[in-house]
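Q: One structure follows; several queries about it will come next.
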Amino acid sequence: MHLPTIKQLRYFVALDRHEHFGKAAQACFVSQSAFSTAIRELETLLGIRLVDRTNKRVTVTASGREIANQARVCLNDLEQLVTMAQAHHNPLSGRLRLGVIPTIAPFLLPGILPALRTEFPDLKLYLHEDLSQRIYAMLVNGELDLILMALPYTLRGVVVMDLFADPFHLACCSHSKLVQGDRYDLESLPSESILLLEDGHCLRDHALAACDLRSPEQVSPFAASSLLTLVEMVDADLGVTYLPEMALNSALLSNTLIRTLPMTENSARRISLVWRQGSAFDEHFRLLGRFIQEQHAAR
């Protein structure tokens, strides 16, 4: 039986990602002619058409999509084989691809990464920051080794290690008339007074669950695309919002007139480390999880 080469699989995965021979060849640092030849050889070897070619674009066939997904798994397994051999001598060494959501990365990682580099100097950590749905898809497809995200979130086929709770705090402008003193009543907030992130950010869903809104009309139709924009809107006294505790002592609130008030104990999201079931590095990932827990507790 003739098997595809690692080069052919890498080239085809790149083509599936870019859907353009020139861009994929450039990403693989080879000429377009050599790249095209390798793809045709792979099609001949497998006996199926992987892509439909036209003058303007490349479309990966349905069978090609399945092959590309399996190719990613194969390439990831080969990389893990090498990493596994290294890890027997030194835990948490070699390459590790970690996905992180934007509402965690800038607040948690700066305080942890320096200590992580000191404790595990042979670890080469590659970070990818994106929304929950995207890093979860990348994890399932073998493009990431593990992800750091906030729960609750629907997950399948993975191992979840809860690290710590991240409570929500009500944030408002210091001179806002919506919240006076240290007491507030969520039900008394007027219509369209609660500002949130736009759909796609899990923090929006977590904040809605945390504040337990009785009236959807209280949520403003104007949603922010980032936490920075959300804070600017609150600082301008356009409404109130709910911020995770890990963001409170960051530069996010510097030079603002925002003050924060604690909420009930149950108003929190869970920060968790997630990886694929059956991973050979289960113990190593748990070691990383415990390290993050310790560093967070120390801060």
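Q: Would you please give the FRET efficiency between residue 113 and residue 53, computed as 1/(1 + (r/R0)^6) with r the Cβ-Cβ distance and R0 = 45 Å, to the nearest 0.05?
A: 0.55
Q: Please compute the modelled spin-label separation between residue 40 and residue 77, points set 7 Å along Cα→Cβ, answer in nm with one decimal.
A: 3.0 nm
Q: Where does the range 6-73 land on Rg/Rh, using Cα atoms and the Kirkwood Rh?
A: Answer for the range 6-73: 0.91.
Q: Taking Cα atoms, how many degrees apart are the long axis of helix 6-18 and the longest axis of the chain, rounded to 10 and kept between 0 and 90?
A: So the helix axis and the longest Cα principal axis differ by about 50 degrees.
Q: Additional query: Suppose each label sits 7 Å from its Cα in the direction of the beta carbon; what would the residue 2-residue 249 distance come out to in nanometres?
A: If labels sit at residue 2 and residue 249, their model points lie 6.3 nm apart.
Q: How big is the shadow of the Cα convex hull of the range 166-268, averaged over all directions, in nm²?
A: 5.9 nm²
Q: Using a 10 Å cut-off around each Cβ, can you sort 191, 267 from fewest to most neighbouring Cβ atoms?
A: So the ranking, lowest neighbour count to highest, is 191, 267.
Q: Taking the Cα-to-Cβ direction at residue 174 and at residue 297 and moving 7 Å from each Cα, how far apart do the two end points lie in nm?
A: Reported label-point gap for residue 174 and residue 297 is 3.5 nm.
Q: I'd like to know how the chain sits against the 2.2 N^0.38 Å rule of thumb: what's its Cα Rg over that expected value?
A: For the chain, the normalised Cα radius of gyration is 1.22.
Q: If you don't mind, another one. How do 149, 161 rank when sorted from fewest to most other Cβ atoms within 10 Å of their own Cβ?
A: 161, 149
Q: Any aspartates and glutamates with Cα under 14 Å of the residue 177 Cα? List them, leaving off those in the same chain fewer than 8 positions away.
A: 185, 235, 237
Q: Among 248, 42, 288, which one moves the most in a GNM of the chain with springs linking Cα atoms closer than 10 Å?
A: Per the Cα network of the chain with a 10 Å cutoff, 42 tops the list.
Q: Nearest 0.05, what FRET efficiency do residue 256 and residue 133 give at R0 = 35 Å with Cβ-Cβ as r?
A: For residue 256 and residue 133, the calculated efficiency is 0.70.
Q: Looking at the range 10-50, which GluC sites (Glu not before Pro) are DSSP coil and have at most 14 other C-beta atoms within 10 Å of their C-beta?
A: Sites meeting the loop and neighbour criteria: 19.
Q: Please report, largest first and rounded to whole Å, the three semi-axes of the ellipsoid equivalent to the range 213-264, where each semi-axis is the square root of five times an eigenvalue of the C-alpha gyration tensor.
A: 19, 14, 10
Q: Further, regarding this structure: Report for the chain the percent antiparallel among DSSP-assigned beta bridges with both residues inside it, nearest 5.
A: Of all bridge pairs located within the chain, approximately 70 percent are antiparallel.
Q: To the nearest Å, what is the center-to-center distance of the range 246-299 and the range 115-149, using C-alpha atoms only?
A: Centre-to-centre distance over Cα atoms comes out at 15 Å.
Q: Here is a follow-up. Before rounding to the nearest 500, sum -39500 (n - 2.57) across all DSSP H runs of length at least 4 in the chain and divide by the residue total; then give [θ] at 222 nm in deg cm²/dmol.
A: The per-residue figure over the chain is -13000 deg cm²/dmol.
Q: Continuing with this model, one more query. Ranking 53, 259 by Cβ neighbours within 10 Å, fewest first, what do you get?
A: Going from sparsest to densest Cβ surroundings: 53, 259.
Values quoted throughout were computed directly from the atomic coordinates according to the rules given, and no laboratory measurement underlies them. For clarity, every value in this text was computed on a predicted model and none was experimentally measured. Cβ atoms come from the backbone with ideal geometry, glycine included; neighbour counts cover every protein chain shown.
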